[in-house]
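The values are calculated or read from the model by the stated rules, or taken from the named source; none is laboratory data. Keep in mind that this is a model prediction, so the values were computed, not measured. Cβ atoms come from the backbone with ideal geometry, glycine included; neighbour counts cover every protein chain shown.
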Amino acid sequence: MTWPIATAELFPIFSYLYELLESTGLPQPWLAIVVYTFLAVVMFGVLALLALFLVWWERKIAGHIQQRFGPMRHGWHGWYQTIMDAVKLLQKEDVRVATRDKPVFFWAPVICFVAAFLAYVTIPFGEGLIVADLNIGILYVMAVTTFTVISLLMAGWGSNNKYALLGGMRSAAQVVSYEVPMVASILVVVLFVGSLSMVDIVQAQAGGIWNWYAFRLPFGPIAFCTYIIAATAEANRTPFDIPEAEQELVAGFNVEYSGMKFAMFFLAEFVNAFTVSAIAVILFFGGWHGALLPSWMWFLGKTFMIVLLLMLFRWTYPRLRVDQLMEFSWKFLVPVTFVNIIIAAWFKYAGWYW
Amino acid sequence: MPELRTEEFQVNMGPHHPATHGVCRMILTMDGEKIVKIEPVIGYLHRALEKICENRTYAQCIPVTDRFEYVTAMSCNQVFAMAAERLAGIEVPERAEYLRVIMLELNRIASHLIFYGVTAMDLGALTPFLYGLREREAIIDLFEMTCGQRLTYNYIRVGGVAKDIPKEFIPKCHEAIDVITEKMSDYEGLLNENPIWLVRTKGIGVMPAKLGIDYGVSGPVLRASGVDYDIRRDDPYSIYDKFDWKPAVHQNGDCFDRYLIRLDEIKQSIKIIKQALEGLPEGDIKAKVSPNFKPPAGEVYARVENSRGELGIYIQSDGGKKPLRVKMRGGSYCQLQALPYFGTNCFIADLVAIFATLDIILPEVDR
């Protein structure tokens, strides 16, 4: 077998390690297990770093929007502030409510954390930089990211706190409602590519900016807009952050969590924000395609731009109310996405366009 | 299919809750996300201010009143000083009156800027908070320049004001109000036409004018319900009748109007300050008053319009150097007592919006 992260040219150390491993004479299934474990650790490290970076970046952006500096004390412009925060959270006492539902309370942050990372099995960070190119790629991502809602519901229930319960219930209602327009806007792209594989979707957008689905009129931009709205809700970010809503529910589902368990929720939130942005880039902005720079830089750069968009939403808009949120989804987003997809399917069938 | 059984449950909102602006506790009876009943529980911040005043001379009471309603501490100073002056028949020099009006109106702007930021923050928009506090900072700097304090001023004294303004005050004040006038368009641009802001505030928490009057609600909250009643104009005190301004009135009584009216009041206050700065006469800043003056026996009620409504002080004197009885009346208390009657039947998020736009400050409720 070869490395699933194929770019041995990019990171020659990988192929060297692989040869070393092969020379030990390990049988094939074991070899695969070792390789994938190694990959899992690498991905985990990369994503944890990304999440830490995003936290720092969000604080800087928020600061500059609000006419202040954000973190400034730790290093250049506070670059290791979030690392210190993580260390602080690690050291904190793990406060556990006496009346909690023990297993549910314990597993909720774990599931949230794992679900956030699972999606990265099939997200291509660059040309060939993908752990496994599943033929059901986008379907798989949609399926595993929805696990998050189970964990939020568990956190709400397990805490045995009314605010947490309200937060958990809200998040369940919200994610279920916004899953529909999100999938429906993704389907437009899937329809035209004819494949669910992430690599195929990116390859279909090769050859210049006008091949990116975000710029292919008229369905692309509409699908992108509906996607980004639904994705903001999926990632629980303002203006759709009603499960947390600190001014209403104190902190919503994670009100009883402290220390590392809270950090897991917190990091998972940022990983989720990165996931939905990465999917937006893959589906609508040509994934790793770009000129001159290496493909992974293009991918990361584009993804950070989408994350920036989410951050701008967060720091300029007020929060919607829970019923208005539902209304917006079912009465506006769902009809728009469905009309979009039906007309797109018609065009595809007639072979008129695209 | 069996019918789903639902039941109401109770949630304690407070005493420690991010949206209650202090230590207010509300026992909410909820049906899912809907609020069926609100039961405010007050007294967590009770400091017996009225009783403390009874054990101090009139001059010593002024710093206590700072703590009564610290967001607009100037008007608390003012109302106590006014009551004592009426009791003892003290004439205040004209320059002192002008300085008082300038300070009161600056303080009103500062309070409304906090309102702007905090209300937006309660509705989930975190940025306006910093914007509001940024301009407030300029006003607080003016106070610091004048009396050395940034929050509890102890500036307006019985018979006048504590200190004259420094030379650089007037240009700095002009500068500050020019900046605020300019930034008003920023504030309005950020929220006034924001669709999310509109759906969150329009038609939410409508307080009928009659309910407001019945429960003694006053100030901007009542004016947002269409009652054109402003103590500065209807029961003129100090020198408010010399200036050209008119109270802002809105008709709907919902959260959006309560928000708009504060922005309008900032504009009116700027108008008053400009006129007062122009007409500022030379002269004494304080009448000659003995520190231990003894007003004749009697009673007096003085009231001012502060940014939360009618702020009144009742003093009963037995002819001694200390007041026999002091009673403070704050607008927040009345607004909180009216809340259960128009704040129900809405979502918990709406309650946060209503509570924020009532602009309740808890020290004034609990005294």
Which one is nearest to the other protein chains (Cβ to nearest Cβ) among residues in the stretch A:124-164 that are surrounded by 20 or more Cβ atoms within 10 Å (Cβ to Cβ) and touching a strand residue (DSSP E or B) at 6+ places or on another chain (Cβ under 9 Å)?
A:Tyr163
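Do we have A:Trp79 as closer than 19 Å to A:Val307 by Cα, away from every other protein chain (no Cβ under 14 Å) and surrounded by fewer than 17 Cβ atoms within 10 Å (Cβ to Cβ) here?
Numbers: closer than 19 Å to A:Val307 by Cα: yes; away from every other protein chain (no Cβ under 14 Å): yes; surrounded by fewer than 17 Cβ atoms within 10 Å (Cβ to Cβ): yes.
Criteria met by A:Trp79.
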Out of everything in the stretch A:315-343 that is surrounded by 15 or more Cβ atoms within 10 Å (Cβ to Cβ) and aliphatic (A, V, I, L, M), what residue ends up being farthest from the other protein chains (Cβ to nearest Cβ)?
A:Ile341
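Of a type outside the set (A, V, I, L, M), within 14 Å of another protein chain (Cβ to nearest Cβ) and farther than 30 Å from A:Val35 by Cβ: is that true of A:Gly167 in this structure?
Numbers: of a type outside the set (A, V, I, L, M): yes; within 14 Å of another protein chain (Cβ to nearest Cβ): yes; farther than 30 Å from A:Val35 by Cβ: yes.
Yes; evaluated as a whole, the condition is true for this residue.
From A:Leu47, A:Leu54, A:Leu21, grab the single residue that is at pLDDT below 80 and either closer than 30 Å to B:Tyr131 by Cα or assigned to a helix (DSSP H, G or I) (or both).
On the way: A:Leu47 fails: at pLDDT below 80; A:Leu54 fails: at pLDDT below 80.
It is A:Leu21.
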I'd like the residue in the stretch B:201-220 that is within 25 Å of B:Glu135 (Cα to Cα) and away from chain A (no Cβ under 14 Å) and, out of all such residues, is modelled with the highest pLDDT.
B:Pro220
Residue identified as assigned by TED's automatic domain parsing to the domain that holds A:Lys302 and either farther than 30 Å from A:Asn254 by Cα or over 19 Å from the mean Cα position of the chain (by Cα) (or both) among A:Val175, A:Val183, A:Val131:
A:Val131
Identify, please: which residue in the stretch A:57-76 is free of Cβ contacts under 8 Å to residues at least 60 places away in the same chain and part of a helix (DSSP H, G or I) and is, among those, farthest from A:Phe265 (Cα to Cα)?
A:Trp76
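Residues checked against (1) surrounded by fewer than 23 Cβ atoms within 10 Å (Cβ to Cβ); (2) over 27 Å from A:Val87 (Cα atoms); (3) over 15 Å from the mean Cα position of the chain (by Cα); (4) modelled with pLDDT of 85 or more:
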{"residue": "A:Cys225", "(1), (2), (3), (4)": "yes, yes, yes, yes"}
{"residue": "A:Glu244", "(1), (2), (3), (4)": "no, no, yes, no"}
{"residue": "A:Phe253", "(1), (2), (3), (4)": "no, no, yes, no"}
{"residue": "A:Lys261", "(1), (2), (3), (4)": "no, no, yes, yes"}
{"residue": "A:Met264", "(1), (2), (3), (4)": "yes, no, no, yes"}
{"residue": "A:Ala273", "(1), (2), (3), (4)": "no, no, no, yes"}
{"residue": "A:Ala280", "(1), (2), (3), (4)": "no, yes, no, yes"}
{"residue": "A:Gly286", "(1), (2), (3), (4)": "no, yes, yes, no"}
{"residue": "A:Ser295", "(1), (2), (3), (4)": "yes, yes, yes, no"}
Yes or no: the stretch A:227-239 includes at least one residue that is within 18 Å of the chain's Cα centre (by Cα), acidic (Asp, Glu), crowded, with 20+ Cβ neighbours inside 10 Å and within 14 Å of chain B (Cβ to nearest Cβ).
no
Give me the residue from the stretch B:151-170 that is assigned to a loop (DSSP other than H, G, I, E, B) and either hydroxyl-bearing (Ser, Thr, Tyr) or in contact with a Lys or Arg (Cβ under 6 Å, 6 or more places away or on another chain) (or both) and, out of that set, farthest from B:Val71 (Cα to Cα).
B:Gly159
For the stretch B:1-32 the number of residues that are under 16 Å from A:Leu249 (Cβ atoms), assigned to a loop (DSSP other than H, G, I, E, B) and in contact with a helix residue (DSSP H, G or I) (Cβ under 9 Å, 6 or more places away or on another chain) is 5
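Are any of the residues in the stretch B:254-266 in contact with an Asp or Glu (Cβ under 6 Å, 6 or more places away or on another chain) and outside any loop (DSSP other than H, G, I, E, B)?
Pass one, the stretch B:254-266, residues in contact with an Asp or Glu (Cβ under 6 Å, 6 or more places away or on another chain): none.
No, the conditions are met nowhere in the stretch B:254-266.
Do we find a residue being in a helix (DSSP H, G or I) and within 13 Å of chain B (Cβ to nearest Cβ) anywhere in the stretch A:186-198?
Taking the stretch A:186-198 as the starting set, the residues that turn out to be in a helix (DSSP H, G or I) are A:186-193, A:198.
Narrowing further to those that are within 13 Å of chain B (Cβ to nearest Cβ): none.
Looking for residues that are in a helix (DSSP H, G or I) and within 13 Å of chain B (Cβ to nearest Cβ), one finds none in the stretch A:186-198, hence no.
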Close pairs (8 angstrom Cβ cut-off, 6 or more residues apart or separate chains): over 17 Å from A:Gly63 (Cβ atoms) in the stretch B:131-142, acidic (Asp, Glu) and part of a helix (DSSP H, G or I) anywhere
B:Ala138/B:Glu175
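Here's the yes/no breakdown for (1) more than 14 Å from chain B (Cβ to nearest Cβ); (2) under 17 Å from A:Thr275 (Cβ atoms):
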site: A:Leu20; (1), (2): yes, no
site: A:Ala32; (1), (2): yes, no
site: A:Tyr36; (1), (2): yes, no
site: A:Ala51; (1), (2): yes, yes
site: A:Val55; (1), (2): yes, yes
site: A:Arg59; (1), (2): no, no
site: A:Pro71; (1), (2): yes, no
Can you name the condition, by its number, that B:Thr357 falls short on among (1) over 16 Å from the mean Cα position of the chain (by Cα); (2) within 14 Å of another protein chain (Cβ to nearest Cβ); (3) of a type in the set (S, T, N, Q)?
(1)
Does B:Thr29 count as within 14 Å of chain A (Cβ to nearest Cβ) and within 20 Å of the chain's Cα centre (by Cα)?
no
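Determine whether A:Leu312 is assigned to a helix (DSSP H, G or I) and away from chain B (no Cβ under 14 Å).
When the stated conditions are applied, A:Leu312 does not pass them.
Evaluate the stretch B:156-177: report whether one residue or more is within 14 Å of chain A (Cβ to nearest Cβ), farther than 30 Å from B:Pro295 by Cα and surrounded by fewer than 17 Cβ atoms within 10 Å (Cβ to Cβ).
Scanning the stretch B:156-177, I find no residue that is within 14 Å of chain A (Cβ to nearest Cβ), farther than 30 Å from B:Pro295 by Cα and surrounded by fewer than 17 Cβ atoms within 10 Å (Cβ to Cβ), so the answer is no.
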In the stretch B:119-137, what residues are among the hydrophobic types (A, V, I, L, M, F, W, C) and buried (at least 21 other Cβ atoms within 10 Å of the Cβ)?
B:Ala120, B:Met121, B:Leu123, B:Ala125, B:Leu126
Are there any pairs, at least 6 apart or on different chains, whose C-beta atoms fall under 8 Å, with the first in the stretch B:1-12 and within 14 Å of chain A (Cβ to nearest Cβ) and the second in a loop (DSSP other than H, G, I, E, B), and if so, which?
B:Thr6/B:Gly32
Within the stretch A:265-275, is there a residue that is at positive phi and either without any contact (Cβ under 8 Å) to a residue 12 or more places away in the chain or part of a helix (DSSP H, G or I) (or both)?
no
From B:Met121, B:Met145, grab the single residue that is within 14 Å of chain A (Cβ to nearest Cβ) and either modelled with pLDDT under 85 or part of a helix (DSSP H, G or I) (or both).
B:Met121
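Conditions (1) in a helix (DSSP H, G or I); (2) within 14 Å of chain A (Cβ to nearest Cβ); (3) more than 23 Å from the chain's Cα centre (by Cα), marked per residue:
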position: B:Asp141; (1), (2), (3): yes, no, no
position: B:Gln149; (1), (2), (3): no, no, no
position: B:Glu182; (1), (2), (3): yes, no, yes
position: B:Tyr187; (1), (2), (3): yes, yes, no
position: B:Val199; (1), (2), (3): yes, yes, yes
The one condition B:Arg223 fails out of (1) of a type outside the set (Phe, Trp, Tyr); (2) within 14 Å of chain A (Cβ to nearest Cβ); (3) surrounded by 14 or more Cβ atoms within 10 Å (Cβ to Cβ) is (2)
